[in-house]
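Working notes for the structure below.
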Amino acid sequence: MSEPTQALPVKLVFSVFGQAAGMLNDTISKLSMLYGQPDFVSGQVPFDYTDYYHPEMGGKLVRRFLSMEELIRPENLPDIKLATNEIEKETAVDHHRTVNIDPGYLSQAHLILATGKGYTHRPYLRNGIYADLTLIYQGKKFCSMPWTYPDYADEKQLAMLEVIRARYLLQLKMT
């Protein structure tokens, strides 16, 4: 029989994208007010892997990634997704988002993103939120899955996530 144990704390991460760099910075400030200071903020990169968001948000989208200094409980992910949905609604213009915020967490074993869209590889958490198993950590590196979004499978993003994971592992040693 397996004995239930408490999950280790995890590293809260966000992908934030939109058309305007200023909006991204404002969003990062709002997230900092809610979840503490980031310990990593990427430079601005083009979000050009898909045109899925163009009808709603327009073209030439830019993105930033961040991770937060304070570790979280993994079971808090649905609450965080619901809060980021509210930020998206508050900043919308004529019911069109100006910013997209994808929260998730990084653990020793994987990267999980939160989503409101169910699918075969997305187990239901609660309150309309699903967990998307985006990457697994295997063989001393992050590995994509058949359903991993191409931008998360990109070598640059994988290298960035390795840096965030190394910081997370140091934090775990200090707890």
When the stretch 52-90 is checked residue by residue, the ones that are surrounded by fewer than 13 Cβ atoms within 10 Å (Cβ to Cβ) and in contact with a strand residue (DSSP E or B) (Cβ under 6 Å, 6 or more places away or on another chain) are Glu56
Taking the condition of being surrounded by 14 or more Cβ atoms within 10 Å (Cβ to Cβ) and either modelled with pLDDT of 95 or more or over 18 Å from Ala114 (Cα atoms) (or both), how many residues in the stretch 135-151 meet it?
7
If I filter the stretch 24-39 for residues that are in contact with a helix residue (DSSP H, G or I) (Cβ under 9 Å, 6 or more places away or on another chain) and among the acidic types (Asp, Glu), do I get at least one hit?
yes
From the list Thr115, Thr91, Thr98, pick out the single residue that is within 26 Å of Phe142 (Cβ to Cβ), hydroxyl-bearing (Ser, Thr, Tyr) and touching a residue at least 12 places away in the same chain (Cβ under 8 Å).
Thr115
Restricting attention to the stretch 93-132, the residues that are surrounded by 13 or more Cβ atoms within 10 Å (Cβ to Cβ) and of a type in the set (Ser, Thr, Tyr) number exactly 5
Residue within the stretch 2-9 that is touching a helix residue (DSSP H, G or I) at 6+ places or on another chain (Cβ under 6 Å) and exposed (fewer than 12 other Cβ atoms within 10 Å of the Cβ) present
yes
Taking the stretch 123-147, which residues are assigned to a strand (DSSP E or B), within 18 Å of Leu77 (Cα to Cα) and over 15 Å from the mean Cα position of the chain (by Cα)?
Tyr124, Leu125, Arg126
For the stretch 119-175, give me each residue that is touching a Lys or Arg at 6+ places or on another chain (Cβ under 8 Å) and hydroxyl-bearing (Ser, Thr, Tyr).
Tyr130, Tyr137, Tyr168
State whether the residues of the stretch 148-162 include one that is touching a helix residue (DSSP H, G or I) at 6+ places or on another chain (Cβ under 7 Å), basic (Lys, Arg) and not in a loop (DSSP other than H, G, I, E, B).
no
Go through (1) free of Cβ contacts under 8 Å to residues at least 24 places away in the same chain; (2) under 25 Å from Asp154 (Cα atoms); (3) part of a helix (DSSP H, G or I) for Leu24 and report which single condition fails.
(1)
Can you tell me which residue in the stretch 78-118 is nearest to the chain's Cα centre (by Cα), limited to those that are modelled with pLDDT under 95 and part of a strand (DSSP E or B)?
His96
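The values are calculated or read from the model by the stated rules, or taken from the named source; none is laboratory data. Predicted, not measured: the structure shown is a model, and the values here were computed from it. FYI the Cβ positions are ideal-geometry reconstructions off the backbone, even for glycines, and counts take in every protein chain you see.
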